[in-house]
Amino acid sequence: MGWDSQHQRTWAQLERQMVGGRIVDPLADADGGDAPGFTRKRPEYEKKPVVRGHSTVPYAELHCHTNFSFLDGASGPEELVEEAVRLGLEALAITDHDGFYGVVRFAEAARDYQLKTVFGAELNLTFGQERAGQPDPQGEHLLLLARGQQGYAKLSSQIAKAHLRGGEKGRPLYDIEVLADALDGQAVVLTGCRKGSVRSALLTEGIDAAAKQLARLEELFGAENVYVELTDHGYPLDGEHNEALAALSKRVVATNNVHYHAPGRRRLATVTAAVRSRSSLDQIDSHLPAAATAHLRSGDEMAARLGRAPVIAAYRLGEELAFDIKLIAPKLPPFIGLKPGETESSLLRRLVYEGAHDRYGINHPEAYTRIEKELAMIDDLGFPGYFLVVWDIVRFCRVNGIYCQGRGSAANSSVCYALRITNVDPVREEGLLFERFLAPERDGPPDIDVDIESDRREEAIQYVFDTYGREHTAQVANVISYRPRSAVRDVAKAFGYSPGQQDAWSKQIDRWHGVSKQDVDGVPGHVMHFANELLAAPRHLGIHSGGMVICDRPIIEVCPVEHARMPKRTVLQWDKDDCAAIELVKFDLLGLGMLSALRYAFKFLEIELDLGDLHPDDPEIYAMLCRADTVGVFQVESRAQMSTLPRLRPERFYDLVVEVALIRP
């Protein structure tokens, strides 16, 4: 039931209808939460008018790398989906290296076109062999495709365990026997590219060695789950090698080992190969493909190259393996520490009333009426567990003397105030509406961001890891994508320009979107062209400023986790928008330097400070704000805020709510 009972529309649906699915206010394209102001929400995928093609021979591409193979693939998941639809493919798999980084974006785009989706990964079985820094990274590859929801969970789990076993970022450690036993027939093996054990043995030792490697895979994974893969990229011996491989098994499928959606993207693929190898194009020229052959092809074209039988076999296998990733949406786990006979709702109610007696006293009808209303809505929407998790984190901080408090719209909640998640009394302060924080019409769970003193935030993060375990919780990734400066710098390096020249060009750029001749002086046209093609492509994985995800089942069954560069940190392979799309619940634990500054100041004065003792009605504070004397004051220290404060002249807390919202909608 939405706010508009006649049309059953939610507020979010109405907003999308009014603005055509796009946010038109340039100040309003942040993520809509209370987290750092310039974290941007990825816009929803917009379906393009692609005319669906048709082939007389049905086909599904089962070996395809997106640009989430990080400088290996040269096309985004959405581009690959659009091209697959244009070519008339029945299904498409993505098989990025050692992970499921781009599967959510891939699934969202494919759903719009009703293209069937297959999920897999190409694993590097050689431990310690990094792809970066080498023109042709060595190592044995194994390509796996998940069989439905159960196969996806098992494959995701095994990829995560390999990353955790490896002990550092980018170095998964697989044990093929353990992998085969854990998958238990829920994944299909393709013999893969020239770095797969079967084709590699054929190229180096001959057909008998290839047959032995195939027999080994069939013994490990089950003969019915192993398919010989045929690929023709136009090399002189491709036909001969494919004939030899096809003779080894009755289960043979055609693929094109795709690395970009269309032939025209081949040049960008060579540029990214140079960036990945940290070399110039001249230096790696001998390792580059001779032609643009690793692109999507129609069923008819694949049949002309490899014959009808393996192409139709690929189509049938794709039909068998396809499923919608929506099936794996997880929930929050039951709150840890419930007593026998106690529910999350009853525990939350008890904690709230204990806190309310401390905050409001016994006789405060207005406060208790509001608390009852809020508790009823929290219970109806099924969010008691969410509030308990946040309460537990805040309780840990308070017990250990770590300054923390909730920020943003959570200050509208008396429940949050009673639990000491926030320190603003919404009953006392006028204008703080609970419905801005939580309402049936709002999509998804509430958004409670917790500010923690930056010098001790790590203790809170490790508490969450220790409480729920690294297989049930992880930090959210931040996909580091190319911006104009980094794109110009990397492309210039790929074309062999000196480091000084790379920096001189990149430092001229001040824009975030696109590179043009008006922005920079003297940049060659080809550098500018490929820099623009590279914009927004993922370069590597970082960590979100504070987001953590907790699941009712092992998080590694939903999305693989891997080590971050920071010690004792493990991170999901998805960013915050991917997590939201798949309905993972995120908690933001944000580091705030000003809280640490308060800590040190009061420690120097040898005074104990309880943030709950501070009240937002000090006239001297408002006089300081009206003078725009706010350097170092969180949320109101930007130039925009400092120029607005003397004009609006805030005199009470709600004035500050309006002030901040004007600049950070």
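Observations on the structure shown:
- Sorted peptide list for 633-641, 616-624, criterion being average Cβ within 10 angstrom, highest first: 633-641, 616-624
- Net length available on complete extension from F602 to A262 is 116.2 nm, with 0.36 nm assigned per residue and the Cα-Cα distance removed.
- Segment 150-289: C-alpha gyration tensor shape, a/c 1.5 cut-off, then a/b vs b/c: oblate
- Considering only P567, H526, A367, the residue lying farthest towards the positive end of the dipole of the chain is H526, judged by Cα position with unit charges set on Cβ.
- Span per principal axis, largest first, for the Cα atoms of segment 60-327 (Å): 45, 39, 38
- Pairs of Cα atoms farther than 17 Å apart, segment 533-607, %: 59
- The relative contact order of the chain, computed from alpha carbon pairs under 8 Å that lie at least 6 residues apart in sequence, is 15 percent.
- Gyration tensor analysis over the Cα atoms of segment 483-535 returns equivalent ellipsoid semi-axes of 14, 11, 10 Å (largest first, whole Å).
- Highest average packing first - 108-114, 504-510, Cβ atoms within 10 Å: 108-114, 504-510
- Under 18 Å from K47, Cα to Cα: lysines that are on another chain or at least 8 residues apart: K116
- Stretching the chain fully between F396 and Y654 yields a gain of 89.9 nm (0.36 nm per residue, less the alpha carbon separation).
- Segment A536-R639, length gained on full extension (0.36 nm per residue, minus Cα span): 34.3 nm
- Counting only Cβ charges, +1 for Lys and Arg and -1 for Asp and Glu, the dipole size of the chain around its Cα centre is about 1120 debye.
- Estimated purely from DSSP H runs of n ≥ 4, each contributing -39500 (n - 2.57), the mean residue ellipticity at 222 nm for the chain is -12500 deg cm²/dmol once divided by its residues.
- Positive dipole terminus of the chain, leading residue within Q283, L125, C416 (C-beta point charges): Q283
- Highest to lowest packing among 289-298, 591-600, 480-489, scored as the average C-beta count within 10 Å: 480-489, 289-298, 591-600
- When the pairs K154/K493; K41/K507; K169/K586; K195/K507; K41/K493 are compared against a 29 Å limit on Cα-Cα distance, K154/K493; K195/K507; K41/K493 fall above it.
Values in this text are rule-based calculations from the coordinates and carry no lab data. What you see is a predicted model, and the numbers here were worked out from it, not measured in a lab. Reconstructed Cβ throughout: ideal geometry from the backbone, glycine too, with neighbour counts over all protein chains shown.
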